[in-house]
Amino acid sequence: MSLSGEVCLVTGACGFLGRRLVKLLLEEERLAEIRLLDKQVTPEHVKTLEDCTEETKVSAFEGDIRDSDVLRRACHGASIVFHIASLIDVTGAVDYSELYGVNVKGTQLLLEACVQENVVSLVYTSSIEVAGPNSNGDPVIGGDEDTAYTCSLKFPYSRTKKEAEALTLKAHGEVLQNGGRLATVALRPMYIYGEGCRFLLRHMADGIRNQQVLYRMSAPEARVNPVYVGNVALAHLQAARGLGDARKRSRIGGNFYYVADDTPPVSYCDFNHAVMSPLGFRIQDKHMLPLPLLYVICFLLEALRVLLRPFVRIAPPLNRQLLVMLNTPFSFSYHKARRDLGYAPKFTWEEAHRRTVDWLASELPREREEIWAKKA
């Protein structure tokens, strides 16, 4: 089903995934209006998007996802909301109250605004991390939405995303002010890569500082299935189309779906090597230290962090839960999304790989220059 003539709101519209989704909406749909909600939306960005279309109005809504007045203004007259805005943190660098405020409270306020302003469809961007892995490192290989898994989420980020997802799915079927009903769906992408991925830039910078050698923090057998950002954007569009189809709405509403593509399963570190080896990067053959020793070091760093918390806040780059995540086989299928949403990856692994490598190549000189400048 087409979204032609609809007014849609994208939260986190200026971020990694948000930008890609907005671009796709402009390419694939004849929307009446796309509203960009983010903490900062530059006029230059809006002008660039307006130049891409003559039919769709592009509007900027600057503000915090925790501001109910901003949310109501942005939702007024809209029929579809893509809720992407989120804080991501796996090292403890962000206060829990901040994570909770943005990821959970912000989602709750947005759902309330949708009810008040008669928004009929909401697509929520969840995360693979709401599924695990658990602290025992129990593996999942080729799992799906029905896979039974005992999970005790340690990361505050994971817990807040899980709670926000639950709020979203529970809101499915809520009665709107005009008597209609809200339909919601949640998407759980795997680790998202592609042009604009700041995590790839961070790993590349670490490799530059280490003489073009990437650090090995995950075992080769700890395979996961990353997903290309262009395919994640497409899954969001397909989910919105599904919610707009009366035949599909009741079937997919209130459900979550894993989003993956045909990127070959590989460990996190070996994936970094796959997209950076064309640029001359190598990777360590083994972990820097044996895994049990790394685990002990992480425990000691976490204990030190607790002791120093009253005086200074530190965020070690590695912790026990992150170490478990990096070394646990954890992959999922997108077959249910294909069956229910009509989702099929638009970009092959070969094309996604090429685009990512080309982007990293364009960023490499700047990253090197910044690192050399700091050393000078």
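All of the numbers you see were taken from the coordinates with simple rules; none came from a lab. Because the structure is a prediction, the values reported are computed rather than measured. Glycine gets a Cβ as well: all are built from the backbone with ideal geometry, and neighbour counts include every protein chain shown.
Quick notes on this one:
- Spatially proximal lysines relative to K47 (Cα-Cα < 20 Å; intrachain offsets below 8 disregarded): K23, K39, K57
- Folded to 0 to 90 degrees: helix 156-170 orientation relative to the chain principal axis, Cα: 20
- DSSP loop GluC sites (Glu not before Pro) with at most 11 other Cβ within 10 Å excluded, longest remaining stretch of the chain: 56-220
- For segment 261-336, the relative contact order comes to 35 percent (Cα pairs under 8 Å, sequence separation of at least 6).
- Shape of segment 61-174, Cα gyration tensor, a/c cut at 1.5: oblate
- Anisotropy class of segment 322-376 from Cα gyration tensor, a/c 1.5 cut: oblate
- Spin-label model distance (nm) - H76 vs N255, 7 Å beyond Cα toward Cβ: 3.7
- Structure remark: mean-square fluctuation, Gaussian network model of the chain, C-alpha springs under 10 Å; the largest value among L182, L49, L326 belongs to L49.
- Mean separation of Cα contacts under 8 Å, 6 or more apart, over the residue count of segment 1-150: relative contact order %: 23
- Cα-projected label distance for E33 with A344, points at 7 Å along beta-carbon direction, nm: 3.6
- Rounded to the nearest 20 debye, the dipole magnitude of segment 296-376 is 280 debye, with +1 charges on Lys and Arg beta carbons, -1 on Asp and Glu beta carbons, and the Cα centre as origin.
- Residues considered: R355, R320, R339. Largest GNM mean-square fluctuation over the chain, using C-alpha springs under 10 Å, is found at R339.
- For the chain, the antiparallel share of DSSP beta bridges with both residues in that region comes to about 5%.
- In plain terms, if you count all Cα to Cα distances in the chain and split them into 20 Å steps from zero, the share in each step is 27, 59, 14, 0 percent.
- Remark: segment 142-226 is approximated by an ellipsoid whose semi-axes, taken from the C-alpha gyration tensor as √(5λ), come to 37, 18, 12 Å, largest first.
- Nearest-ten-degree value, helix 198-209 long axis tilted from longest Cα axis of the chain: 20
- Residue-averaged 222 nm ellipticity for the chain, from DSSP H runs of 4+ at -39500 (n - 2.57), nearest 500: -13000 deg cm²/dmol
- Mean sequence separation of contacting Cα pairs (under 8 Å, at least six apart), scaled by the length of the chain, corresponds to a relative contact order of 18 percent.
- Residue with peak Gaussian network fluctuation, the chain [Cα springs, cutoff 10 Å], from S250, S362, S68: S362
- Taking the DSSP beta bridges with both ends in segment 1-105, the antiparallel portion is around 0 percent.
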